[in-house]
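**Q** After the structure tokens below, expect a handful of questions from me.
The values are calculated or read from the model by the stated rules, or taken from the named source; none is laboratory data. Note that this is a predicted model, so its numbers are computed, not measured. Cβ: placed from backbone, ideal geometry, glycine included. Neighbour counts: every protein chain shown. The area values use the complete protein model at the heavy-atom level, side chains included, leaving out ligands, DNA and RNA. Shrake-Rupley method; radii C 1.70, N 1.55, O 1.52, S 1.80 Å.
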Amino acid sequence: MSARYSSTYHHVQGLSRGLALLTALNRSLGGWATIGQLSKVTGLHRTTVRRLLETLQAEGYVRRSTSDDSYRLSLKVRQLSDGFTDDEWISEIANPVLGELLKRLVWPSDLCTIDGDCMLVRETTHRFSPLSFHRAMIWQRLPLLMTAAGRAYLAFCGDEEREQLLALLLSGNDAQASLARNRVLVDRMIEKVRRQGYATNDGEWAGQPKISAIAVPIMNRGKVLATLNVVCLRQAKSLSEAEQAYFPELQWAARKIESMVSDEDSTNENKCA
């Protein structure tokens, strides 16, 4: 679960230099720069800079101004970020914390974000945990009302969003829709989760009847960014035992992720100032 890894492949220096040029252009004053300026910023020889810029221009990622021989990014660069969302950003930040959490708990954990009427597993330690019973959890969808991850999200999201999500569930024709129709039960569940600071499920999800789970929200500026859970076999540990043993560790992990997100926000704000 570390960002560092070993590889038998050689470092592609040309790619690194091309990315350095794109970064330099992105940060340049006014969004444009000359070959000489880019050479100075990146430390690359002018001939290398020119050759790389011509390649990037041929691929459509930069364009050259005929009036002053400066270069600037083209609209095609935006396509590079189309597949990157805030959810992916959160997953990237949380990744090393999940690795630390695995060392503490051994049982696997999932980082989930809202995705329609379900929670989507964005990052997981299932594939690394020796106690994992379902290793293929990445990109799995977890029902909102049946899982600890979903219940934690529902309890701590804003009132308007919660009503919208419940309305979405009511429009379905499944077990979640049936449960959503019992508004008294749903409200009691949400109140309990908010009171204790974490959500649980104990075999209620038909998709995983043998597991118990505990989940906490990851917050930023009053908004739920994601939820973080730990799951274990019901026969291995009772829910009350799991709550006592794992809730403090989940709290620690959630607070650490929140602190890292806050630091990243501050850094980005300072860059824009």
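**Q** Among the aliphatic types (A, V, I, L, M) and open to solvent by less than 20 Å² (accessible area, probe 1.4 Å): does that describe Leu131? Before you say what the answer is, go through the steps one by one.
**A** On the way: among the aliphatic types (A, V, I, L, M): yes; open to solvent by less than 20 Å² (accessible area, probe 1.4 Å): no.
Here the answer is no, as Leu131 does not meet what is asked.
**Q** Also: Does Ala155 meet the test of being touching a residue at least 12 places away in the same chain (Cβ under 8 Å), under 16 Å from Asn201 (Cα atoms) and under 18 Å from the mean Cα position of the chain (by Cα)? Spell out the reasoning first.
**A** Working: touching a residue at least 12 places away in the same chain (Cβ under 8 Å): yes; under 16 Å from Asn201 (Cα atoms): yes; under 18 Å from the mean Cα position of the chain (by Cα): no.
In short, no.
**Q** Would you check if there is a residue in the stretch 134-152 being within 18 Å of the chain's Cα centre (by Cα), in a loop (DSSP other than H, G, I, E, B) and among the aromatic types (Phe, Trp, Tyr)?
**A** Yes, the stretch 134-152 contains at least one residue that is within 18 Å of the chain's Cα centre (by Cα), in a loop (DSSP other than H, G, I, E, B) and among the aromatic types (Phe, Trp, Tyr).
**Q** For the stretch 141-169, enumerate the residues that are open to solvent by 10 Å² or more (accessible area, probe 1.4 Å) and either of a type in the set (Val, Ile, Thr) or over 17 Å from Ile214 (Cα atoms) (or both).
**A** Selection gives Gly158, Asp159, Glu160, Glu161, Arg162, Glu163, Gln164, Leu165, Ala167, Leu168.
**Q** Same structure again: Mind checking which pairs have a first residue in the stretch 240-266 that is touching a residue at least 60 places away in the same chain (Cβ under 8 Å) and more than 22 Å from Gly203 (Cα to Cα) and a second that is outside any helix (DSSP H, G or I) and β-branched (Val, Ile, Thr), Cβ under 6 Å, 6 or more apart or different chains?
**A** Sorted first by the residue in the stretch 240-266, then by its partner, the pairs are Ile257/Ile218.
**Q** Among what's in the stretch 170-190 and is polar (S, T, N, Q) and closer than 11 Å to Leu145 by Cα, pick the residue that is least open to solvent (accessible area, probe 1.4 Å). Talk me through it step by step, then tell me what you get.
**A** Of all residues in the stretch 170-190, those polar (S, T, N, Q) come to 171, 173, 176, 178, 182.
Then keep just the ones that are closer than 11 Å to Leu145 by Cα; that gives 176, 178.
Working: Gln176: 12, Ser178: 70 Å².
It comes out as Gln176.
**Q** Moving on. Can you tell me how many residues in the stretch 27-61 are in contact with a helix residue (DSSP H, G or I) (Cβ under 8 Å, 6 or more places away or on another chain) and either in a loop (DSSP other than H, G, I, E, B) or in contact (Cβ under 8 Å) with a residue 40 or more places away in the chain (or both)?
**A** Residues that pass the stated criteria total 7.
**Q** Pick from Leu22, Leu29, Leu53: which is at pLDDT below 95, out of contact with any Cys (no Cβ under 9 Å at 6 or more places or on another chain) and open to solvent by less than 10 Å² (accessible area, probe 1.4 Å)?
**A** Details: Leu22 fails: open to solvent by less than 10 Å² (accessible area, probe 1.4 Å); Leu29 fails: open to solvent by less than 10 Å² (accessible area, probe 1.4 Å).
Among Leu22, Leu29, Leu53, only Leu53 is at pLDDT below 95, out of contact with any Cys (no Cβ under 9 Å at 6 or more places or on another chain) and open to solvent by less than 10 Å² (accessible area, probe 1.4 Å).
**Q** Exactly one condition in (1) at positive phi; (2) modelled with pLDDT of 95 or more is false for Lys192; which is it?
**A** Going through (1) at positive phi; (2) modelled with pLDDT of 95 or more one by one, Lys192 breaks only (1).
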